[in-house]
Amino acid sequence: MPKKIDTILSEGLIERGLISREALEPLFKEIEKSGESLQQVLVKRQASLEKDILDVFAEKLKFTCLINLKEVSIDKSIFDKVPLKIASYYKFVPVSLKDRLLTIAVSSPLDIKIQDEIRTHLGFDIETVLSCHGDILDSLKKYYGFAADTMKEISRGSEVKGLFQEPAQEKVEDIEKLAGDASVIRLVNQVILEGYKKRATDIHIEPHREGVNLRYRIDGLLYETKVAAEIKNFLNAIISRIKIMSNLNIVERRLPQDGRAIVKVGEQMLDLRISTMPTPFGESVVIRILPTKMLFSLEKLGLPKKDLQIFESLILKPHGIIFITGPTGSGKTTTLYTCLSRINTKERKIITIEDPIEYEMPNITQIQVMPEIGLDFARGLRSILRHDPDVIMLGEVRDLETAQIAIRVALTGHMVFSTLHTNDAVSGINRLIDIGVEPYLLASSVEAFIAQRLIRLICPDCKYEDKATPAQLKEMIAKDLGLESKDAVKIFRGKGCPSCNFTGFFGRTAIYEILIMDGGIKDLILKKATSSQITKVALAKGMRTLRQDGWQKTVAGLTTPEEVMKTTSAQEQLNDLESKTQVFLGGFTPESAHSPKENGKRAYQRLNSKVNLRYRVLKSQDELARRGFTPEELSVTSNISAGGLLFFSDEILAIGSILELILELPGGGEDPIECLARVTRVEEMDRERKYNIAVCFLDITGAQRGRLNKFVEQELS
């Protein structure tokens, strides 16, 4: 006989037309064998039914449904009164506590016996609301810490006492046995599985004096996961287990180690690249997650139709070199693999030499660089030629010897793909010349330089048009793209939802800058022209900069302006900025600072006042390192409004530069205002070697603008 709760659910679903009696018959037979509830079986087969099931319970049994549990703000003091072991055992989340009445969220109605047990354990009266099972598990992780229940179980085992002691060489076998305990294996598996589910590319386990941080890199940014404080007691066991998985020496803790392991998640095989590094508080571990099989497609790289055709023509050339440029983590390797995948046929012999081999590719010979035994890029490249390749992929050109061999290979009829670490496409020319490559060899062998960056994509589930975007930002985008009016520019953003973990972004794509080495560019290289001269000619021939490609994706609704500005440099507009700087230096008055106007009058009042300001110019990390740049420069404002401000600087800033601002308004105790701003005017102050910098706000929120306007009005009144 089915349970009463299953009968209520089945009748409710039949009444709503969500299931037929005939379809229920085999389900009840399955319930008899497995001992599961009808709700569990239905959700397992069709997860989309869960909300309908909760609605049936709410209607038939007069329960309240709390569908968006993740968005509910819960007082954290409640969790001090509800132990984890109770919440995780009965699978509920405490939502509120008023007097002696505790409201808990559960995924299915609790029977009287279980409610009495919870009352006895906690000493509170219980009121239940219904919520989705997945939301309850996520909330338990959020408020109690990741894998906290697993660590509690491990702590209860007496056999675990020796697990956390400093290992000695004579006890290697015991350590290996203890680290292989089922509880520790489950804990490590949970860490990896959580990273895979969150679409993480890297998992960081970082010990420090107070405890251990667990962070996941998702879409290029690191997000910290709350973990129970007990995790610091399990650090040695966790690291030993990870080392065993990757065949590393579990006794050696003084030296960095690198290894790999392959695990299976469902039908997906994952290749884990594991690196350990000693710190004063224990070993730090980074696990890179790579699928063993990837479908590489040029169409999915984010290339517009015109650039896709250029790519196709470049990779089908019979000889020459194609360089992909960009900083670490900009997706260069993925682009190279995609190019190789497109030309990977039985008629071609393709050999790669990499450090490390990121993905395994069928029908391609892949070589791992091993400097410790003398197998570097140059030596590997020389050996490759004896294997009669048609196409060679060289992981990176790092020195003159490697560059010269690659050029000789290209000049003797081979196609070579490689990477350079430069900020843009034109800088690739300078980089090769700087390491000693002769201009005539470069001009005769290289077919193209392709710069790229990765930008985050707006989450499609919570995407909306931001109609409050400042007109100045739209004008800048329209001007850079050569659009007739800013009205053609529409800006979209993500509100944040469970699908994107409330970040507003889901996934990444690439933006590109392609410099074709045609006759004109080669002549400039032979004449040793400057980068700005080559850039000017390339732009006149139709080259699109990284920023312009980013703006195209912004207008198409794929990303936000802030993503483009963070990953591209305003110096890409150098040719325009040089003339603008000459015009605006001198002849500047504070009253001419950029701000919105209405009917010839300013929309926002201006105040001559000193306010603490921190700013940072958005530039490439390489350039910041060369200049010894500190993350924040301290300054004060001399003029401020809700549209922009004026401040002092010891250095000249280029017109059009994008700044990150942190503005500290006096009084009130509120958080500083943080936003992006664009430099619109620059004035050199007489005999002081200081500059007045005027900026307009770009992505300031309506609430922040209101705070500024209120502050100015109060000070003026």
query = Filter the range 536-568 for residues that are not in a helix (DSSP H, G or I) and not β-branched (Val, Ile, Thr); which is least open to solvent (accessible area, probe 1.4 Å)?
reply = GLY557
query = So ALA261 clears everything in (1) touching a residue at least 24 places away in the same chain (Cβ under 8 Å); (2) closer than 28 Å to ASN363 by Cβ except one condition, right? Which one?
reply = (1)
request  = For the range 398-410, name all the residues that are over 27 Å from GLY329 (Cβ atoms) and surrounded by fewer than 17 Cβ atoms within 10 Å (Cβ to Cβ).
outcome  = ARG408
request  = Quickly run through the range 272-291 and pick out the residues that are under 19 Å from VAL188 (Cβ atoms) and either in contact (Cβ under 8 Å) with a residue 40 or more places away in the chain or out of contact with any Pro (no Cβ under 9 Å at 6 or more places or on another chain) (or both).
outcome  = LEU272, ARG273, ILE274, GLY282, GLU283, SER284, VAL285, VAL286, ILE287, ARG288, ILE289, LEU290
inquiry  = Quick check on the range 285-307: of everything there that is over 22 Å from GLU358 (Cβ atoms) and either buried (at least 18 other Cβ atoms within 10 Å of the Cβ) or touching a helix residue (DSSP H, G or I) at 6+ places or on another chain (Cβ under 9 Å) (or both), which residue is modelled with the highest pLDDT?
reply    = ASP307
request  = Please find, within the range 84-110, the residue that is nearest to GLN39 (Cα to Cα) out of those that are in a loop (DSSP other than H, G, I, E, B) and either of a type in the set (Gly, Ala, Ser) or touching a residue at least 12 places away in the same chain (Cβ under 8 Å) (or both).
outcome  = SER108
inquiry  = For the range 431-440: of the residues being free of Cβ contacts under 8 Å to residues at least 60 places away in the same chain and open to solvent by less than 50 Å² (accessible area, probe 1.4 Å), which is nearest to ILE516 (Cα to Cα)?
reply    = LEU432
Every residue from the range 441-477 that is among the small types (Gly, Ala, Ser), crowded, with 16+ Cβ neighbours inside 10 Å and not in a helix (DSSP H, G or I) = ALA448, ALA451
note = The residue that is modelled with the lowest pLDDT, considering only those in the range 266-284 that are open to solvent by less than 30 Å² (accessible area, probe 1.4 Å) and among the hydrophobic types (A, V, I, L, M, F, W, C), is LEU270
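Yes/no per residue for (1) touching a residue at least 60 places away in the same chain (Cβ under 8 Å); (2) touching a Phe, Trp or Tyr at 6+ places or on another chain (Cβ under 8 Å); (3) on the phi < 0 side of the Ramachandran plot; (4) open to solvent by 20 Å² or more (accessible area, probe 1.4 Å):
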| position | (1), (2), (3), (4) |
| --- | --- |
| ASN501 | yes, yes, no, yes |
| LEU515 | yes, yes, yes, no |
| LYS528 | yes, no, no, yes |
| ILE534 | yes, no, yes, no |
inquiry  = Take the conditions of a type outside the set (Asp, Glu), at pLDDT 80 or above and surrounded by fewer than 19 Cβ atoms within 10 Å (Cβ to Cβ) and apply them to ASN709. Does it pass?
reply    = yes
The range 674-704, residues that are farther than 17 Å from PRO561 by Cβ and either open to solvent by 20 Å² or more (accessible area, probe 1.4 Å) or at pLDDT below 80 (or both) = ARG681, GLU683, GLU684, MET685, ASP686, ARG687, GLU688, ARG689, LYS690, TYR691, ALA703
key: Yes/no for ASP75 being more than 35 Å from the chain's Cα centre (by Cα), farther than 25 Å from CYS500 by Cβ and surrounded by fewer than 17 Cβ atoms within 10 Å (Cβ to Cβ)   = no
inquiry  = For the structure I just gave you, tell me whether ARG253 is over 25 Å from LEU140 (Cβ atoms), under 26 Å from the mean Cα position of the chain (by Cα) and in contact (Cβ under 8 Å) with a residue 12 or more places away in the chain.
reply    = no
task = Inspect all residues belonging to the range 221-244 and state whether any of them is under 28 Å from PHE502 (Cβ atoms) and in contact with a Leu (Cβ under 6 Å, 6 or more places away or on another chain).
result = yes
message = I need the full set of residues from the range 309-337 which are modelled with pLDDT under 90, out of contact with any strand residue (DSSP E or B) (no Cβ under 7 Å at 6 or more places or on another chain) and hydroxyl-bearing (Ser, Thr, Tyr), in order please.
response = THR328, THR333, THR334, TYR337
query = Which one of these is small (Gly, Ala, Ser), out of contact with any Gly (no Cβ under 7 Å at 6 or more places or on another chain) and surrounded by fewer than 21 Cβ atoms within 10 Å (Cβ to Cβ): GLY428, GLY395, GLY413?
reply = GLY413
remark   = Exactly one of ASP75, ASP80 is out of contact with any helix residue (DSSP H, G or I) (no Cβ under 7 Å at 6 or more places or on another chain) and part of a loop (DSSP other than H, G, I, E, B), and that residue is ASP75
note = Scanning the range 21-71 for residues that are acidic (Asp, Glu) and under 40 Å from the mean Cα position of the chain (by Cα), the one modelled with the lowest pLDDT turns out to be GLU71
key: Residue tally, condition under 27 Å from the mean Cα position of the chain (by Cα) and of a type outside the set (S, T, N, Q), over the range 124-144   = 10
note = Taking the range 15-41 and keeping only residues that are part of a helix (DSSP H, G or I), open to solvent by less than 40 Å² (accessible area, probe 1.4 Å) and free of Cβ contacts under 8 Å to residues at least 24 places away in the same chain, one is left with LEU24, LEU27, VAL41
key: Candidate set from the range 196-221 (those that are part of a loop (DSSP other than H, G, I, E, B) and among the acidic types (Asp, Glu)); member that is surrounded by the fewest Cβ atoms within 10 Å (Cβ to Cβ)   = GLU210
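The values are calculated or read from the model by the stated rules, or taken from the named source; none is laboratory data. Everything numeric here is computed off the predicted structure, so don't read it as measured data. Quick reminder, even Gly has a Cβ in these numbers, built from the backbone with ideal geometry, and neighbours come from all protein chains shown. All accessible areas refer to the heavy atoms of the entire protein, side chains included, with ligands and DNA or RNA removed. Shrake-Rupley method; radii C 1.70, N 1.55, O 1.52, S 1.80 Å.
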